[in-house]
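The structure appears right after this line, and notes come after that.
The values are calculated or read from the model by the stated rules, or taken from the named source; none is laboratory data. Since the model is a prediction, treat every value here as computed from it, not as a measurement. Don't worry about glycine lacking a Cβ; one is built from the backbone with ideal geometry, like all the others, and counts go over all protein chains shown. We work out accessible area using only protein heavy atoms, side chains counted, and drop any ligands, DNA or RNA first. Shrake-Rupley method; radii C 1.70, N 1.55, O 1.52, S 1.80 Å.
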Amino acid sequence: MQTPDSSPHLIDAPRAAARRQQILHAAAQCFREHGFHGASIALISKTAGMSPGHIYHYFENKEAIIAAIVAQDLESLLTLTTELRAACNVRAALIERAAEGVADQLDPAGAALKLEIVAEAARNPRVAQIVRDADATCRRELAITIGEIRRATGHEDTPAAIEHMVEVLASLFEGLLVRTIRNPGLDRARVAQRIQIAINDLLDQPN
């Protein structure tokens, strides 16, 4: 007789999660090395060490794989914003954690994957929608965080003003993806310091 803890669903869930992650890791490698169109399901399955049928069991197509990769990045950012807003000093926490964000954006492998996804979004409406939906959520959460910081220092901003600050912040970080490809020898520590200074200045800009 099975106990609740021995339910097949409970036993299979971790295995399924591990398989999904195995596929996402293989797909990310293939997208980086061969591009979205060059990375066929056959190639992804070979890299993952499983049959194409196993890939389709977890993901309907390559767009679904991209959606899962984007969702993981979004989850990380949402976790970060939650942690920032729980900090005693949200402003100081944002500036401090910005160094981690710079390091993440300057990782060549991660940058190559993100740029490939953006490139596919420019020509594939389904991928574009995935990327834009995630971006909208990111912008909304960053707007809440920046709004809290600004109000704490006496600023009274319109939603449009906060939105513009979010766009500047996003541009700072997304630009790093291109810089790490064009100039792989850049001084990452110095760049992180300058970005922290830029964020601090941004948060002090007048209404």
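What is the helix-to-structure angle for 188-203, meaning the angle in degrees between its Cα long axis and the longest Cα principal axis of the chain, kept from 0 to 90 and rounded to the nearest 10?
60 degrees
Given the convex hull of the Cα atoms of region 145-207, what is a quarter of its surface area in nm²?
The Cα convex hull of region 145-207, projected and averaged over all directions, gives 4.5 nm².
Normalised radius of gyration for the chain, please: alpha carbon Rg relative to 2.2 N^0.38 Å, two decimal places.
1.20
What's the carbon and sulfur percent of region 1-113's accessible surface, probe 1.4 angstrom, rounded to a whole number?
Result for region 1-113: 57 percent of the exposed heavy-atom area is carbon or sulfur.
Could you let me know the centre-to-centre spacing of region 28-90 and region 143-160, using Cα atoms, in angstrom?
The distance from the Cα centre of region 28-90 to that of region 143-160 comes to 33 Å.
Can you list which of the GluC sites (Glu not before Pro) found in region 19-100 are DSSP loop residues with at most 15 other C-beta atoms within 10 Å?
GLU60
Rounded to whole Hz and in sequence order, give me ³J(HN,Hα) for region 168-175 from the Karplus expression 6.51 cos²θ - 1.76 cosθ + 1.60, θ = phi - 60°, writing x for Gly and Pro.
Using θ = phi - 60°, the values come out as 5, 4, 5, 5, 4, 6, 5, x Hz.
If the only charges are +1 at each Lys and Arg Cβ and -1 at each Asp and Glu Cβ, what is the size of the charge dipole of region 98-207 around the Cα centre, to the nearest 20 debye?
It works out to roughly 320 debye.
Roughly how many debye, to the nearest 20, is the charge dipole of region 46-94 about its Cα centre, given +1 on each Lys and Arg Cβ, -1 on each Asp and Glu Cβ, and no other charges?
Taking the Cα centre of region 46-94 as origin, the dipole is about 120 debye.
With n ≥ 4 as the cut-off for DSSP H runs, can you work out [θ] at 222 nm for the chain, using -39500 (n - 2.57) per run divided by the number of residues, rounded to the nearest 500?
Result for the chain: -28000 deg cm²/dmol, rounded to the nearest 500.
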